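Take a look at the structure set out below.
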């Protein structure tokens, strides 16, 4: 057993944790970063970066298939090996974090590969990869950024079968002939479409009444239409009651009596964090909770802060890094604003992209707000006419009539996530409706349709 004393211990080095550790070390503090998996977190190895490379490749395949409707003829022969090689070489270094570790230590932080656990105020125990125990005292702060693991539901028969999560799906060297995707959220939707575009026969199972259950129903309905057009089978309103795996085939019995079979099964039913393993019980916190409660400065309790997925304001890299900036200021005693969560953007990178910010109509009504909504279809815009095939999408805005500002918006379509940028700024800055009504959008662009959605507010 060895003992260490530092100023700050960062447990978990995803994007937010790495940022905290690097910048505090650069400011002259003694920092120890602890990570049991890969430095950089889920995003660069199994999430944002490699999956968007996969999405981009599938998008190119789909666009090439549209050539006959616009520009002549084309023969499309998709090759997954090119995608797999790019992910290995450009995104993940073959799932090696040597460069990320060096980046951290070059910033001045110490690094320990292992599992960190809080044992008391200012005290952390780390069991390293050689099963050696290190007792660490943090004189100024402990920062938690544990990230999340795939959540595997307790469906009878599922445990022990060779199902995929997002991690196996990112690593795959082949496209499955048949695939069942359990879960119609962002992860499941992206994988379902990209594998289908590379030739897989895909089915999606979503217990909620529609895909993308957290999004506007108009957007979810359009996405379902597009998936059907691309040959993807969607089962909504029914979950998996039982799973069997025999003769290299999965069979899922659904709660509505339907049976679905496929050679491969992707489980995309959410994410989880083991709060008990973090030792939060030693601080008097509820270890059965799904998230760690913090104040608006990300403080958990005296000397402890948390950032990222585990805080519960969105499992997004941009959220983790936003929160990291606040924690860095707090630990260094620098002034700055508290966290604001009224304009959190999110994008599901299907094709069309589905981007949202702030509240949905349902959320706003559940809060008892007096609202008006505006909606326009992208295919009816001037850019939609020019774009033609693949032009379907929409813009929806939610106006709080008491504030006369937008409190939510959805942008769905080609580059929907980019269109969302202007709407996210409007929600974030609480720009008055009168100002938005004077917005001049360049012609002919997709973002010009924002003005049409504003007009539809009445």
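Please treat every number below as a calculation from the coordinates, not as lab data. Here the structure is a predicted model, which means the values were calculated and not measured. Cβ: placed from backbone, ideal geometry, glycine included. Neighbour counts: every protein chain shown.
Based on DSSP, what percent of beta bridges with both residues in segment 1-138 are antiparallel, to the nearest 5?
45 percent
How far apart, in nm, are the 7 Å Cα→Cβ label points at residue 130 and residue 277?
2.3 nm
For helix 217-229, what angle does its Cα long axis make with the longest principal axis of the chain, in degrees from 0 to 90 and rounded to 10?
Computed tilt is about 70 degrees.
Could you tell me the convex hull volume per residue, in Å³, taken over the Cα atoms of the chain?
Value for the chain: 167 Å³ per residue.
Roughly speaking, what is the centre-to-centre gap between segment 408-458 and segment 266-314 when only Cα atoms are used, to the nearest Å?
Between the Cα centre of segment 408-458 and that of segment 266-314, the gap is 35 Å.
Taking the 0 to 90 degree range and rounding to the nearest ten, how far is the long axis of helix 15-26 tilted relative to the main principal axis of the chain, both from C-alpha atoms?
With rounding to tens, the tilt is 40 degrees.
Full-extension gain between residue 77 and residue 4, please, as 0.36 nm times their residue separation minus the C-alpha to C-alpha distance.
Full extension of this stretch gives 20.6 nm more.
What full-extension length gain, to one decimal in nm, is calculated for residue 389 and residue 214 as 0.36 nm per residue of separation minus the Cα-Cα distance?
60.3 nm
Hey, what's the Cα Rg ratio for segment 166-269 versus the globular rule of thumb, 2.2 N^0.38 Å?
1.00
Pairing the Cα long axis of helix 48-65 with the longest principal axis of the chain, what angle in degrees results, from 0 to 90 and rounded to the nearest 10?
20 degrees
Given the -39500 (n - 2.57) contribution per DSSP H run of 4+ residues, what per-residue ellipticity at 222 nm results for the chain, rounded to the nearest 500 deg cm²/dmol?
Values: 15 runs with 139 residues, N = 458.
Here the helix-only value at 222 nm equals -8500 deg cm²/dmol.
Using only Cα atoms, what is the ratio of the radius of gyration of segment 345-455 to 2.2 N^0.38 Å?
The reported ratio for this selection is 1.00.
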